[in-house]
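The values are calculated or read from the model by the stated rules, or taken from the named source; none is laboratory data. Only a predicted model underlies this, so the values are computations on that prediction, with no experimental measurement involved. Note that we place each Cβ from the backbone using ideal geometry, even for glycine, and neighbour counts take in every protein chain shown.
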Amino acid sequence: MTKEMAKKGLYVGTGVGLILFALVGLFPGSMIGGVIGLKMAGSLLGSPVQATLLARLIVAASMIIGVISAAITFILGLGVSGWIVGSVADAIKARHEAAVEAAHTVRH
């Protein structure tokens, strides 16, 4: 039994996830990561955060982590969802083909 629909669902889901990440997830991921970085820098270095190198590194690393986590959420989540839908379609197709073959065998 081939898993053609599962592969196609995975590719379509991943593509849609990539597009949605670019349109919806990139900016909020960096914004949320930046706010978390500012809060971390404020708690570590004191609350009004000065523009020191360490504070900037903390904020930059937090923004990168926010963008990566948004990408993982969108791309992996929709890719797995597409694969599941494709697997269900493959199972339905295999069941239908088995029923047609059984009906054909009974007739002859």
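Values for this structure:
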{"read-out": "Residues being surrounded by 14 or more Cβ atoms within 10 Å (Cβ to Cβ) and either in contact (Cβ under 8 Å) with a residue 12 or more places away in the chain or assigned to a loop (DSSP other than H, G, I, E, B) (or both) - total across segment 15-27", "value": "7"}
{"read-out": "Selection count, segment 55-98, where residues are closer than 14 Å to Ile36 by Cα and among the polar types (S, T, N, Q)", "value": "2"}
{"read-out": "Residue among Ile65, Ile58 that alone is at pLDDT 95 or above, in contact with a helix residue (DSSP H, G or I) (Cβ under 8 Å, 6 or more places away or on another chain) and not polar (S, T, N, Q)", "value": "Ile65"}
{"read-out": "Residue identified as closer than 30 Å to Glu97 by Cβ and not acidic (Asp, Glu) among Gly46, Gly29, Gly79", "value": "Gly79"}
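One line per residue, one yes/no per condition, for (1) surrounded by fewer than 17 Cβ atoms within 10 Å (Cβ to Cβ); (2) not aliphatic (A, V, I, L, M):
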{"position": "Met5", "(1), (2)": "no, no"}
{"position": "Gly13", "(1), (2)": "no, yes"}
{"position": "Gly29", "(1), (2)": "no, yes"}
{"position": "Gly33", "(1), (2)": "no, yes"}
{"position": "Ile36", "(1), (2)": "yes, no"}
{"position": "Ala41", "(1), (2)": "no, no"}
{"position": "Gly46", "(1), (2)": "yes, yes"}
{"position": "Val49", "(1), (2)": "no, no"}
